[in-house]
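Enquirer: This structure is in structure tokens; I'll ask about it shortly.
The values are calculated or read from the model by the stated rules, or taken from the named source; none is laboratory data. This is a predicted model, so every value here is computed, not measured. All Cβ positions, glycine included, derive from the backbone under ideal geometry; neighbour counts span all protein chains shown. Each accessible area value is taken on the protein alone, full model and side chains, heavy atoms only, with ligands, DNA and RNA left out. Shrake-Rupley method; radii C 1.70, N 1.55, O 1.52, S 1.80 Å.
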Amino acid sequence: MTDAAGILPRRVQLQGCTNMRDIGGYTAHDGRRVRFGQVFRAPSLGGLTDEDMPCIMALGLRTVVDLRGVNESAKAPSRLPSPGPDVVALPIEPTVGASLRDILATGRATGEDVLTLLGRAYTAYASEKLPVYRRLLALVADPARRPLAFHCSAGKDRTGFGTALLLMALGVDRADIIEDYLATNRFWRREHALPEGTPPEVAEALTRAHRPLLERAIEIALTGHDSEEAFFASLGLDAARLAALRDQMLE
């Protein structure tokens, strides 16, 4: 079941997954709207319940893309209907966890420390990890792969940057892209347990979506390109492929 029409982003109401959303409904620069029912963003799907299965089946997913690291996926494998969608692993290994343990061990960890760590991760998404996002966009651009869902652990950082790239490619206004990213702060129930003794300000910084992180990552990704179109061409979406994606995903 999804939230009422007209409210964006449109959340998929599940018991075991609080931050799964349809990316549809946003208006692109040419006046067309992103189609519903084509692409979904999500956190880990390992906690889905028996009661969630009919809703997941109703989405008609053909592909689920897992952006989690290898160990993350092994510890909490996705729980999906059988027979179900093709699961494609595009791992982006987490870098914040180990560093967080190091700074927590000092007993002096702060929210600013966490934002610094997250900033490094977002810089990596926008630079060395772009080949992973190129593969994600290629899957989305293949009609045979949709409906498609992609996810990480929280559906916040790795998934958030991927969603931003896709909505940019579709011509959605930057303000709407940022608001979609920040919606995690309303929806996600923080299912992940943090280490015992984590200071509240550290937990708050770690579990929230932060506008400056995404804005900076987009800026880094676009650096060196004359236009957004040139940037997407570098990710395999030349003018013809970009136009085809928009024709498929916009109405």
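For (1) closer than 22 Å to T163 by Cα; (2) touching a helix residue (DSSP H, G or I) at 6+ places or on another chain (Cβ under 6 Å); (3) in a strand (DSSP E or B), each residue gets a yes or a no:
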position: E72; (1), (2), (3): yes, no, no
position: L80; (1), (2), (3): yes, no, no
position: P83; (1), (2), (3): no, no, no
position: V88; (1), (2), (3): yes, no, yes
position: P94; (1), (2), (3): yes, no, no
position: I103; (1), (2), (3): no, yes, no
position: A109; (1), (2), (3): no, yes, no
position: L117; (1), (2), (3): yes, yes, no
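Enquirer: Still on this model: Return a yes/no flag: does the range 178-189 have any residue that is under 24 Å from N71 (Cβ atoms), over 15 Å from the mean Cα position of the chain (by Cα) and not in a helix (DSSP H, G or I).
Expert: Yes; the residues of the range 178-189 include at least one that is under 24 Å from N71 (Cβ atoms), over 15 Å from the mean Cα position of the chain (by Cα) and not in a helix (DSSP H, G or I).
Enquirer: Of all residues in the range 213-251, which are touching a helix residue (DSSP H, G or I) at 6+ places or on another chain (Cβ under 8 Å) and surrounded by fewer than 12 Cβ atoms within 10 Å (Cβ to Cβ)?
Expert: A239
Enquirer: From the list L45, L14, exactly one residue is at pLDDT 95 or above, surrounded by fewer than 21 Cβ atoms within 10 Å (Cβ to Cβ) and either within 20 Å of A144 (Cβ to Cβ) or not aromatic (F, W, Y) (or both). Which is it?
Expert: The match here is L14.
Enquirer: Give the residues of the range 55-70 that are in contact with a Pro (Cβ under 9 Å, 6 or more places away or on another chain) and part of a helix (DSSP H, G or I), sorted by residue number.
Expert: Selection gives I56, M57, V70.
Enquirer: Any idea which of (1) modelled with pLDDT under 95; (2) assigned to a helix (DSSP H, G or I) is the one G197 doesn't satisfy?
Expert: The failed condition is (2).
Enquirer: Among the residues of the range 48-97 satisfying the criterion of being among the hydroxyl-bearing types (S, T, Y) and more than 23 Å from K129 (Cα to Cα), which is most open to solvent (accessible area, probe 1.4 Å)?
Expert: S82
Enquirer: Please go through the range 136-174 and pick out each residue that is more than 23 Å from E229 (Cα to Cα), small (G, A, S) and not in a strand (DSSP E or B).
Expert: Result: A144, S153, A154, G155.
Enquirer: Now for a separate question. Any idea how many residues of the range 98-122 are open to solvent by less than 60 Å² (accessible area, probe 1.4 Å) and either of a type in the set (S, T, Y) or closer than 27 Å to Q38 by Cα (or both)?
Expert: 3
Enquirer: Another question, if that's okay. Step by step: first the residues of the range 193-207, then only those that are under 15 Å from K156 (Cα atoms) and in contact (Cβ under 8 Å) with a residue 40 or more places away in the chain, then the one that is surrounded by the most Cβ atoms within 10 Å (Cβ to Cβ). Which residue is that?
Expert: L206
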